[in-house]
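For reference, the structure discussed in these notes is given below.
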Ligand code: 5GP
């Protein structure tokens, strides 16, 4: 998606440790019109997938999932990073290592929101080493549901999570893939 690449070039900031800051349009502050275009693009890519639900992880995946959910007319489910007192009953859970914080959370979803008939499109803001998407895939598979594919707004190709999932046979679509990222600039993969 050319506009995603342009936004990254115009507003993204490269931080140490292979982190890209996009707080002005994707995390923290959300560019609503652009978020609609992100949802429309995910809907275009997955229009023939037969998805029945969108699935993501709090917090930064939620705006993207909502936008894709509107565009596709599908409900959105998001995994929580902690089992708080408002999560009652049986849950699916999986440990996920956070890229940005470095700690590991037991991510949970109440069982009633995913069922074996569901065809799940998983979305997130970033795809780096793939821990978040791998955890969400595990939850979908625990529920006996089908993963139709994954969509990330930004994939950092040099951290290999996306290509590992593709080799495992999952469909992974990213609106921009960064293959190199330094203070000097960003190199995008041709898609
Ligand atoms: P992974 O689990 O694929 O290693 O990392 C993906 C998760 O870490 C995403 O949910 C995202 O919130 C966060 N993340 C990974 N890389 C970046 C980054 O460069 N910038 C930001 N803002 N978040 C990132």
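Being part of a strand (DSSP E or B) and over 26 Å from residue 16 (Cα atoms) is the requirement here; does residue 106 meet it? In short, yes.
Looking across segment 152-175 at every residue that is in a strand (DSSP E or B) and more than 9 Å from the ligand (Cβ to nearest atom), the one that is surrounded by the most Cβ atoms within 10 Å (Cβ to Cβ) is identified as 153. Does residue 149 meet the test of being modelled with pLDDT of 95 or more, at positive phi, touching a helix residue (DSSP H, G or I) at 6+ places or on another chain (Cβ under 9 Å) and within 11 Å of the ligand (Cβ to nearest atom)? Spelling it out, it is not the case that residue 149 is modelled with pLDDT of 95 or more, at positive phi, touching a helix residue (DSSP H, G or I) at 6+ places or on another chain (Cβ under 9 Å) and within 11 Å of the ligand (Cβ to nearest atom).
Would you please name the residue that is surrounded by the fewest Cβ atoms within 10 Å (Cβ to Cβ), looking only at residues in segment 85-97 that are free of Cβ contacts under 8 Å to residues at least 24 places away in the same chain and either part of a strand (DSSP E or B) or in contact with a helix residue (DSSP H, G or I) (Cβ under 9 Å, 6 or more places away or on another chain) (or both)? Outline the logic, then answer.
Our first condition is that a residue be free of Cβ contacts under 8 Å to residues at least 24 places away in the same chain; within segment 85-97, this holds for 85-91.
Subsequent filtering for residues that are either part of a strand (DSSP E or B) or in contact with a helix residue (DSSP H, G or I) (Cβ under 9 Å, 6 or more places away or on another chain) (or both) retains 89-91.
Numbers: 89: 7, 90: 9, 91: 19.
Among them, the one singled out is 89.
The number of residues in segment 12-58 being away from the ligand (no atom under 12 Å from the Cβ), out of contact with any strand residue (DSSP E or B) (no Cβ under 8 Å at 6 or more places or on another chain) and not in a loop (DSSP other than H, G, I, E, B) comes to 10. Determine whether segment 176-189 contains at least one residue that is touching a helix residue (DSSP H, G or I) at 6+ places or on another chain (Cβ under 8 Å), outside any strand (DSSP E or B), under 20 Å from residue 5 (Cβ atoms) and away from the ligand (no atom under 15 Å from the Cβ). The answer is yes, given that some residue of segment 176-189 is touching a helix residue (DSSP H, G or I) at 6+ places or on another chain (Cβ under 8 Å), outside any strand (DSSP E or B), under 20 Å from residue 5 (Cβ atoms) and away from the ligand (no atom under 15 Å from the Cβ). Report whether or not residue 148 is within 19 Å of residue 73 (Cβ to Cβ) and either in contact (Cβ under 8 Å) with a residue 12 or more places away in the chain or not in a loop (DSSP other than H, G, I, E, B) (or both). The answer is yes for residue 148. Could you say which residue among 138, 67 is touching a residue at least 40 places away in the same chain (Cβ under 8 Å) and surrounded by 15 or more Cβ atoms within 10 Å (Cβ to Cβ)? Step by step, each of 138, 67 is checked, and only 138 is touching a residue at least 40 places away in the same chain (Cβ under 8 Å) and surrounded by 15 or more Cβ atoms within 10 Å (Cβ to Cβ).
How many residues does segment 70-84 hold that are surrounded by fewer than 24 Cβ atoms within 10 Å (Cβ to Cβ) and within 11 Å of the ligand (Cβ to nearest atom)? So that I can check it myself, show each step before the final result.
Going residue by residue through segment 70-84, those that are surrounded by fewer than 24 Cβ atoms within 10 Å (Cβ to Cβ) are 70-78, 80-84.
With the extra rule that they be within 11 Å of the ligand (Cβ to nearest atom), the set shrinks to 81.
Final tally of qualifying residues: 1.
Would it be correct to say that residue 114 is more than 16 Å from the ligand (Cβ to nearest atom), more than 26 Å from residue 156 (Cβ to Cβ) and under 17 Å from the mean Cα position of the chain (by Cα)? Answer is no for this residue.
Do we have residue 55 as under 14 Å from residue 123 (Cα atoms), within 18 Å of the chain's Cα centre (by Cα) and surrounded by fewer than 21 Cβ atoms within 10 Å (Cβ to Cβ) here?
No.
Scanning segment 60-82 for residues that are outside any strand (DSSP E or B), modelled with pLDDT of 95 or more and within 15 Å of the chain's Cα centre (by Cα) turns up 60, 61, 62, 63, 64, 65, 66, 67, 68, 69.
The values are calculated or read from the model by the stated rules, or taken from the named source; none is laboratory data. Since the model is a prediction, treat every value here as computed from it, not as a measurement. So basically every Cβ, Gly included, is an ideal-geometry build from the backbone, and we count neighbours across all protein chains shown.
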